[in-house]
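Participant: Below are the structure tokens for one structure; questions will follow.
Each reported figure results from applying straightforward, stated rules to the coordinates on display, with no laboratory input. The structure displayed is predicted, hence computed values, not measured ones. Here the Cβ positions follow ideal geometry from the backbone for every residue, glycine too, while neighbour counts run over all protein chains shown.
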């Protein structure tokens with residue numbers, strides 16, 4: 001079961017990656033400014049998914065939309081990992097009281113869901129891809145701190161760390177050579193799940209007009225456009241949604257599959 | 001028991017201070033002087049200074065923070081810079097809308113998730129169980145606002161059985177109110193139920209391997225009977241935690257769903273003033289939402305003690 005999940009997840013993630021990569025070099029038509037087609041055309045050759053309300057090819061826009069989705073995912077997961085993992089490892093080595101203070105701070109930080117933080121930041125700094133990426137990344141930092149701290153605590157309690165310490169290895173060396181490699185799989189699972197969350201958050205923000213700005217296509221803003229024409233062409237509201245769902249499903253399955261591979265005991269439960 | 005509640009209240013109060021400080025500091029980063037922005041480029045230095053004094057923005061940050069917090073404790077969230085209206089007056093009418101949307105969504109998602117999650121646990125090796133898990137996995141990947149758009153198109157535009165959007169207050173027309181909330185609640189609840197089903201399933205799989213379940217089966221309880229009699233209370237400990245997290249994500253999801261269905265809730269208010277960059281309204285509404293999330297977390301922790309008597313005796 002977990003192998004199947006992992007494979008299906010990999011296929012879906014690869015599909016999104018290929019869409020994004022291909023669209024960098026080639027799309028059937030210009031996704032941003034080519035408005036030469038009849039508006040709101042139903043799916044028919046050469047517009048396999050039809051055209052939007054400005055007469056742009058929907059399939060081309062869907063391909064380019066994969067770029068926004070991946071870029072936001074990679075950057076926000078990157079922010080969360082780079083800030084959260086070192087902070088978590090350091091927290092694991094702090095005295096109990098200081099560690100407790102950090103954990104309570106992450107509790108408070110977790111009361112700011114990604115979307116709320118992004119809306120708050122958009123209200124202050126203005127909406128856009130950068131604000132969205134930073135907000136989604138920052139909102140995920142507490143989870144990475146928790147995962148890294150929990151992982152680091154169990155590694156630090158092991159005999160080989162004791163051995164390394166008695167040989168005179170510094171904290172930094174131990175963190176680099178023992179803690180990091182051992183918690184990397186845990187972090188990988190968290191990254192995959194966070195990636196799925198980031199795609200959902202970016203889509204919601206773009207739908208609200210606070211994420212990727214026009215004319216750059218994003219799946220969320222395509223759904224917003226579709227809503228204004230749902231009486232005449234309801235299919236417009238279908239394609240971007242399927243794209244989001246497949247991408248999120250891919251990263252969720254990848255995360256689940258990875259976790260099951262790492263911990264066979266969980267296979268039965270999850 | 002009392003010690004637990006007291007300690008939890010202390011943590012809750014500290015969290016509130018931390019959260020309010022974070023929100024206030026972020027909002028201070030807004031570029032530009034509100035007085036200057038309000039009056040425009042043509043205003044003289046005296047006019048701007050007078051306006052700043054009127055708004056209170058010429059006072060030190062610490063004074064403004066304390067004034068804001070002290071006001072909130074009295075239910076006064078300050079005054080909108082742009083419209084000059086009391087923020088609490090703006091928030092008040094939106095609360096029943098968002099409250100009803102979030103509350104009913106949570107209720108409906110539990111009503112859907114509990115039976116399906118238990119089915120998925122009991123029949124986890126049969127096709128029914130696998131099918132429920134697979135549907136839940138797909139459901140988790142669907143953005144609630146897309147579900148909302150699709151439901152709105154199907155029920156509101158194609159079949160015309162429910163209004164595709166808009167809101168009717170309860171006091172105006174109770175049936176119209178229920179009809180206007182049906183689709184938004186369903187959109188939020190279906191997606192949340194998908195997440196919940198997975199937790200219900202794993203909580204009940206744990207129960208299935210417990211001794212008390214085996215004993216109950218041995219003395220003649222049916223599988224469902226044993227689960228309902230002994231499983232629900234034991235599983236509810238982990239489920240309450242999830243429900244707390246769920247309510248937080250439902251509140252945030254409601255912000256987006258309100259846009260899909262044009263509901264005059266807290267989310268719509270927030271987004272209107274985000275576009276106008278009106279800090280007082282933004283920080284008030286965000287604080288209220290964060291307060292709700294923190295309060296739910298605190299209540300969840302206190303409820304452990306109520307659900308599980310073992311935790312009560314362990315404290316003594």
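Participant: Percent of Cα-Cα pairs more than 30 Å apart in chain B, please.
Facilitator: Cα-Cα pairs in chain B separated by more than 30 Å: 49 percent.
Participant: Then there's this: What's the FRET efficiency of residue B:308 with residue A:41 using the Cβ-Cβ distance as r and R₀ = 41 Å, to the nearest 0.05?
Facilitator: According to the calculation, E is roughly 0.10.
Participant: Using only atoms on other chains, find how many Cβ atoms lie within 10 Å of each Cβ of peptide B:132-145 and report the average.
Facilitator: That works out to 5 on average.
Participant: Quick check on chain A: helices-only [θ] at 222 nm, where DSSP H runs of length 4 and up contribute -39,500 (n - 2.57) each and the sum goes over total residues. Nearest 500, please.
Facilitator: Rounded to the nearest 500, it is -23500 deg cm²/dmol.
Participant: If you average the alpha carbon positions of segment B:82-146 and of segment B:172-194, how far apart do those two centres end up, in angstrom?
Facilitator: The distance from the Cα centre of segment B:82-146 to that of segment B:172-194 comes to 11 Å.
Participant: Across the residues of A:215-227, average count of Cβ atoms on other protein chains within 10 Å?
Facilitator: 2
Participant: For segment B:225-289, what ratio Rg/Rh do Cα atoms give with a Kirkwood hydrodynamic radius?
Facilitator: 1.26
Participant: Oh, and also: Rank B:291, B:251, B:263 by mean-square fluctuation in a GNM of chain B with C-alpha springs under 10 angstrom and give only the top-ranked residue.
Facilitator: Among B:291, B:251, B:263, the largest GNM mean-square fluctuation belongs to B:291.
Participant: What FRET efficiency do you get for residue A:165 and residue A:261 if R0 is 41 Å and r is their Cβ-Cβ distance, rounded to the nearest 0.05?
Facilitator: 0.85
Participant: Over the Cα atoms of segment B:93-275, what Rg and Dmax result, in angstrom?
Facilitator: Rg then Dmax for segment B:93-275, in Å: 18.8, 64.
Participant: Which order, highest average first, do B:78-84, A:213-219, A:166-172 follow once you tally other Cβ atoms within 10 Å for each residue and take the mean per peptide?
Facilitator: The most tightly packed comes first, giving A:213-219, B:78-84, A:166-172.
Participant: How far is the Cα center of segment A:168-215 from the Cα center of segment B:207-249, in Å?
Facilitator: That distance is 34 Å.
Participant: What is the average number of partner chain Cβ atoms found within 10 Å of a Cβ in B:257-270?
Facilitator: Counting Cβ atoms of other protein chains within 10 Å of each residue's Cβ and averaging gives 1.
Participant: Provide the packing ranking of B:18-28, A:81-91, i.e. peptides ordered by the mean count of other C-beta atoms within 10 Å per residue, highest first.
Facilitator: A:81-91, B:18-28
Participant: Under the √(5λ) rule applied to the eigenvalues of the Cα gyration tensor, what semi-axes describe the equivalent ellipsoid of segment A:26-84? Give them in Å, descending.
Facilitator: Semi-axes (√(5λ), whole Å): 32, 9, 9.
Participant: Further question on the same structure: If packing is taken as the mean number of other Cβ atoms within 10 Å per residue, what is the order of B:35-45, A:118-128, highest first?
Facilitator: The peptides rank, most packed first, as A:118-128, B:35-45.
Participant: Nearest 10 degrees, 0 to 90: what angle lies between the long axis of helix A:129-156 and the longest principal axis of chain A (Cα atoms)?
Facilitator: 30
Participant: Could you run the Debye sum over the Cα atoms of the protein assembly as shown, one equal point scatterer each and no solvent, and tell me log10 of I(q)/I(0) at q = 0.07, 0.08, 0.09 Å⁻¹, two decimals?
Facilitator: Normalising to I(0) and taking log10 leaves -0.47, -0.62, -0.79.
Participant: Say R0 is 35 Å: what FRET efficiency, to the nearest 0.05, do residue B:170 and residue A:176 get from their beta-carbon distance?
Facilitator: 0.05
Participant: Another question, then. Using the number of other C-beta atoms within 10 angstrom as an exposure proxy, rank B:73, B:289, B:30 with the fewest first.
Facilitator: Least crowded to most crowded, the residues run B:73, B:30, B:289.
Participant: With no solvent and one equal point scatterer per Cα, compute the Debye intensity ratio I(q)/I(0) for chain A at 0.17 Å⁻¹ and report its log10, rounded to two decimals.
Facilitator: One equal scatterer on each Cα of chain A leads to -1.26.
Participant: Another one. Would you mind ranking A:159, B:33, A:260 by Cβ crowding within 10 Å, fewest neighbours first?
Facilitator: Going from least to most buried by this count: A:159, B:33, A:260.
Participant: Okay, moving on. Give me the Kirkwood hydrodynamic radius of segment B:1-109 in Å, from all C-alpha pairs, to one decimal place?
Facilitator: Value: 17.0 Å, from the Cα pair sum.
Participant: Obtain the radius of gyration and the Kirkwood radius of segment A:1-122 from its C-alpha atoms and give Rg over Rh.
Facilitator: My calculation of the ratio gives 1.18.
Participant: Fewest Cβ neighbours within 10 Å first, please rank B:272, B:94 accordingly.
Facilitator: B:272, B:94
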